[in-house]
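The values are calculated or read from the model by the stated rules, or taken from the named source; none is laboratory data. None of these values were measured; they are calculated from a predicted model. Note that we place each Cβ from the backbone using ideal geometry, even for glycine, and neighbour counts take in every protein chain shown.
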Amino acid sequence: METLQAFQTVARERGFIEVNQIVGGNVLWLRKSASNTRREMHERMCIDSLTNSATVYWMTVPGKLNSKTFRGVAALQEWFELGPETIMER
């Protein structure tokens, strides 16, 4: 439970807001409240209590969905600290 709360704290610190949580459900969906970079375009996060993980989803270009799953809060924080990915447009 502490891990899930820590994931939520990191998400909120990074500008994510809650989109949907079903009472008695095992996942919490969040979305980015505002986009500062292209990586954050359409950025969503799913925090899963069954797997004790958080998965970030984002689109770099229309139709190309990317995702990264984190099992530890420190890894998620580190990934956010790396900053936006360099995106090559075609």
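Please name all residue pairs, on different chains or six or more residues apart, with Cβ atoms under 9 Å, provided the first residue is in the stretch 38-50 and is more than 18 Å from Thr9 (Cβ to Cβ) and the second residue is among the small types (Gly, Ala, Ser) and at pLDDT 75 or above.
Sorted first by the residue in the stretch 38-50, then by its partner, the pairs are Glu40/Gly15.
Go through the stretch 1-31 residue by residue and tally those that are modelled with pLDDT under 90 and either part of a helix (DSSP H, G or I) or touching a Phe, Trp or Tyr at 6+ places or on another chain (Cβ under 6 Å) (or both).
Matching residues across the stretch 1-31 total 5.
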